[in-house]
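Accompanying notes for the structure given below.
Please treat every number below as a calculation from the coordinates, not as lab data. Predicted model, so just to flag it, every value in this text is computed and none were measured. Cβ sites come from the backbone with ideal geometry, for glycine too, and all protein chains shown count toward neighbours.
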Amino acid sequence: MFDVNRVRRDFPILEREINGRQLIYFDNTATTHKPIQVIDAVSGFYRMHNANVHRGLHLLSQEASELYEEAHDTVASFISAQDREEIVFVKNATEAINAVAFSWGLRSLESGDEIVCTVMEHHSNLLPWQFLEEFKGIRLKFIDLRPDGTLNLDGLNEVITRKTRLVAVTHVSNVIGTINDVKAIGEIVHDRGGLILVDAAQSVPHMPVNVKDLDCDFMAFSAHKMLGPTGIGVLYGKKDVLNSLSPYQFGGGMIHEVSLHKSTYSVPPWRFEAGTPNVAGAVGFAAAIRYLDEIGMKNVREHEEKLTSYCLKEMLEMEGVSVYGPRDPERIVGVISFNVEGFNHHDVASILDENGIAVRSGHHCAQPLVKRLGVRGTVRASFYIYNTIDEIKRFLDVLRSITGSG
Ligand SMILES: Cc1ncc(COP(=O)(O)O)c(C=O)c1O
């Protein structure tokens, strides 16, 4: 049984008071808090096992190497990858996507090739492809939005063609929470001989994700958005795809043999992990995944769905509040973007902060989407496993006081 009060006891930061009120943290899309199990795993590593990996024969180095390698296994089984060879540790989702642009795109794309994105991408899944557009002369095309905030997949056969080498699409929008049917998109691009990269920064933390079932070629996500430490993230790549790629960074830890003018490289994932990695981050990340596994990702999703449907229903009934994106909680994760008539989005966020409620305001690193919604910015409330209906009630009360209906 999922017990939110028991979960909350694991998060020391939730005891903080902000402006004399108990903190309500609704900025989980940006980053999540860390349970004591993750904090202890990171400090335990530094206290007892700290050493560099892959290099030493001494016991500490062997322990650190084992912990680091096992963390790859923990991630692999969490997303149902084949094994650790498909899991590359990078610093975040942004680096994972850039790694594909540089390892794969820079070497295999030619002028006239096409990459297909959507208008709802986070800048992290847009700018690397813009760079290739400029640098390699490829063409960047976009899947548009329907008025209800879902992707318009009607004209997909025209957008994705035999020239499409990659579709780079977000699994879940970080602004309006739409869950995209990446499996269906993948089937079309595979049929045309291309690859699919799924930006899973907002899906892996919030729902069960199975890379085999989705049949994606690449997937990117960050530990800090799923209870783990900052500074570590994942590039998942299908084994045969990763095996065919060259490194995008060069140095220690990723070589097979080096001579003065020529070198050969190690196998994946190490081929893509040049330099001393974030070992403590990997240990903390594994602890975060064990924590989520213990709760169960279905329970995570169900809890968020409960919070979202309650909050959405109340907000949709409020005069002067505009909510963006799909309104069916089954189609969205716990992200609600909105504006209050007559108020700038930053002012609404400031008033909420005065009341101890942390939300995000602005363009959320997705300027094209926010422009497409016809606004300059939104306020975004986003939920996670430690949020409660009582917190949402307090948030709604403040919103009502802003709109003058409270
Ligand atoms: C959908 C999406 N993609 C990519 C990112 C980038 O994540 P990071 O900053 O951890 O690299 C984010 C961050 O908010 C996101 O929401």
Given backbone amide H placed at 1.01 Å from N, residues whose amide H is under 5 Å from that of ASP27, ignoring those fewer than 5 places away on the same chain, are SER382
GNM on the chain, Cα springs under 10 Å; top mean-square fluctuation among SER222, SER263, SER80 goes to SER263
Scaled by the rule-of-thumb 2.2 N^0.38 Å, the alpha carbon Rg for segment 58-173 gives a ratio of 1.33
Whole-Hz Karplus couplings 3J(HN,Hα) for segment 45-60, θ = phi - 60° and coefficients 6.51, -1.76, 1.60, Gly and Pro as x, run 4, 5, 6, 10, 10, 4, 6, 7, 9, 6, 10, x, 8, 6, 4, 4
Taking a crude spin-label model, label points 7 Å out from Cα along the C-beta direction, the ASP215 to ASN52 distance in nm is 4.4
Sequence order, segment 206-222: Karplus ³J(HN,Hα) from phi using 6.51 cos²θ - 1.76 cosθ + 1.60, θ = phi - 60°, Hz rounded, Gly and Pro as x, gives 10, 7, x, 10, 10, 5, 5, 5, 6, 6, 8, 8, 10, 9, 10, 7, 10
For the table LYS91/LYS163; LYS141/LYS371; LYS238/LYS262; LYS163/LYS183; LYS183/LYS238; LYS212/LYS239, the rows whose alpha-carbon distance is greater than 22 Å are LYS91/LYS163; LYS238/LYS262
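For the chain, how big is the tail of P(r) above 40 Å, as a whole percent of Cα pairs? Intermediate results must be reported in sequence, preceding the final value.
Numbers: 15007 of 82215 pairs.
Everything past 40 Å amounts to 18 percent.
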Over the Cα atoms of segment 294-382 the radius of gyration and the largest Cα-Cα distance (Dmax), both in Å, equal 13.8, 45
Scalar couplings 3J(HN,Hα) for segment 397-404 by Karplus 6.51 cos²θ - 1.76 cosθ + 1.60 (θ = phi - 60°), nearest whole Hz, x for Gly and Pro, are 4, 5, 4, 5, 5, 6, 6, x
CD proxy, 222 nm, the chain: helix-only mean residue ellipticity via -39,500 (n - 2.57) per DSSP H run with n ≥ 4, per residue, nearest 500, stands at -11000 deg cm²/dmol
Extension length gain for THR403 and PHE2 (0.36 nm per residue less Cα distance), in nm, is 140.9 nm
Label model pair SER244, TYR310: point-to-point distance (7 angstrom along the Cα→beta-carbon line) in nm is 4.9
Over all Cα pairs of segment 247-326, the Kirkwood radius sets Rh, and Rg/Rh then becomes 1.34
Residues meeting the amide H criterion for HIS49 (H placed from the backbone, H to H distance under 5 Å, 5 or more places apart or on another chain) are none
Percent antiparallel among DSSP beta bridges confined to segment 39-293, rounded to 5, stands at 45
For segment 109-228, averaging the sequence separation of alpha carbon pairs under 8 Å that lie six or more residues apart and dividing by its residue count, the contact order in percent is 23
Check: C-alpha center segment 172-242 vs C-alpha center segment 344-381, spacing in Å is 25
Relative contact order as a percentage, segment 39-293, C-alpha pairs under 8 Å and 6+ apart, gives 24
For segment 158-313 the mean separation of alpha carbon contacts under 8 Å (6+ apart) over residue count, i.e. relative contact order in percent, is 17
If the chain between ASN299 and ARG9 were fully extended at 0.36 nm per residue, the gain over the current Cα-Cα distance would be 102.6 nm
With label points set 7 Å from each Cα along the Cα-to-Cβ direction at GLU354 and GLU134, the distance between them in nm comes to 4.2
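For segment 66-116, which GluC sites (Glu not before Pro) pass both filters: DSSP loop (anything but H, G, I, E, B) and at most 16 other C-beta atoms within 10 Å?
GLU110
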Using alpha carbon centers only, segment 13-52 is separated from segment 150-166 by a whole-angstrom value of 41
